[in-house]
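The values are calculated or read from the model by the stated rules, or taken from the named source; none is laboratory data. Keep in mind that this is a model prediction, so the values were computed, not measured. Cβ atoms come from the backbone with ideal geometry, glycine included; neighbour counts cover every protein chain shown.
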Amino acid sequence: IENVNADFCFSGGLLSDWRKAFLAASKRFVEKDLEVSLAGRSFMITGANSGIGKASAMAIAKRGGTIHMVCRNKDKAEEARADIVKETGNKEVYVHILDLSETKKVWEFAESFKRKYKTLNVLINNAGSIMSQRDVNAEGLEKSFATNVLGVYILTKSLIPLLEKSPDPRVITVSSGGMLVQKLRTGNLQSERGRYDGTMVYAQHKRQQVVMTEQLAKTHTNIHFSVMHPGWVDTPAVANAMPDFHQSMKESLRTPEQGADTVVWLAVSEAAATNPSGRFYQGTLLIRKQHSPTCLSIRGLCVRKVLCKFKSQKVEKKTPNCA
């Protein structure tokens, strides 16, 4: 859908009071869905040292799940791990240091993880990047695209063999309703043309994640894929990337725990797995297919092939099979 009414996704507008919206929606929550023991189940969460990622890790650890925190900053990751262990009493929390913008390192990390660990039940793609100006990594890739799209794709594809061997495998990607201001574009993936607007570039990447999720769900039918919009959440990423917005809207933003509620529900509840794979969620509300923001944008396009074509030109060949 190229011109979606923003009210559809933002439930009252872009600047609506998301905290109040959460409290209203929480009346529909089914508490039993989250009354589960996760002992023996393994969860990988990127960007788990703060914000939605840390809140998700905390909630899952409280239920006994094994947590693999994939973070860029070692000091912040270790501090977050200590908080999680202290709060939950769960010591099965492991830190892995990885910069998702370095695509070859993402592949190498995934291969190493598969050799060391025998199971991974759930992958939560939470880490993201909003750049104020265009920058490239050591591979010559625009950093935001490398982190938000290529890094997510390579990590997910590389870990699929391990996920497929594990019971009830799931992949959840944290997107954003900001994607509704962008239709899918594949002709300027590295943002080389035109003025660089970091917020709009981020929105484009979030749309690409939704399309990617739908395509992965079609290809890997024994894994349950979901992509979701957490609402506007008071996180370090929002504060750093949009300081004026954060300052003016701070009292209306959701807490990280409120933003993580859908991530946790999708990751642990039996109810979530009964819904179709590859779909988009606003809160625990499954957006109907005919209104999904992806339904017209992917006509005639397999994003998997687009990304693989891009990778064959720019990225180290040792990456997941694109077939």
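Structural remarks
- Residue list for segment 64-102, filter: of a type outside the set (D, E, K, R), surrounded by 15 or more Cβ atoms within 10 Å (Cβ to Cβ) and part of a helix (DSSP H, G or I): A77, A80, I84, V85, T88
- Qualifying residue in segment 238-255 (condition: modelled with pLDDT of 95 or more and either farther than 16 Å from I52 by Cβ or among the hydroxyl-bearing types (S, T, Y) (or both)): no
- Among residues of segment 158-212 being surrounded by 18 or more Cβ atoms within 10 Å (Cβ to Cβ) and of a type in the set (D, E, K, R), the one that is modelled with the highest pLDDT is R170.
- S129 farther than 21 Å from F225 by Cβ, under 17 Å from the mean Cα position of the chain (by Cα) and modelled with pLDDT under 95: yes
- Residues of segment 112-157 satisfying the condition of being surrounded by fewer than 21 Cβ atoms within 10 Å (Cβ to Cβ) and polar (S, T, N, Q): S112, T119, S132, Q133, N137
- Within the set V210, V201, V227, the sole residue that is within 25 Å of N137 (Cβ to Cβ) and assigned to a strand (DSSP E or B) turns out to be V227.
- Flag if N148 is at negative phi and touching a strand residue (DSSP E or B) at 6+ places or on another chain (Cβ under 9 Å): no
- Between S37, S56, the distinction of being part of a helix (DSSP H, G or I), closer than 18 Å to N121 by Cα and touching a residue at least 24 places away in the same chain (Cβ under 8 Å) belongs to S56 only.
- Index of the failed condition, S11 passing every other in (1) modelled with pLDDT under 95; (2) farther than 15 Å from N126 by Cβ; (3) in contact with a Gly (Cβ under 6 Å, 6 or more places away or on another chain): (3)
- Only a single item in (1) under 19 Å from E257 (Cα atoms); (2) in a loop (DSSP other than H, G, I, E, B) is not met by M131, and it is number (1).
- Within segment 19-57, if we keep just the residues that are surrounded by 13 or more Cβ atoms within 10 Å (Cβ to Cβ) and among the charged types (D, E, K, R), the residue that is modelled with the lowest pLDDT turns out to be R19.
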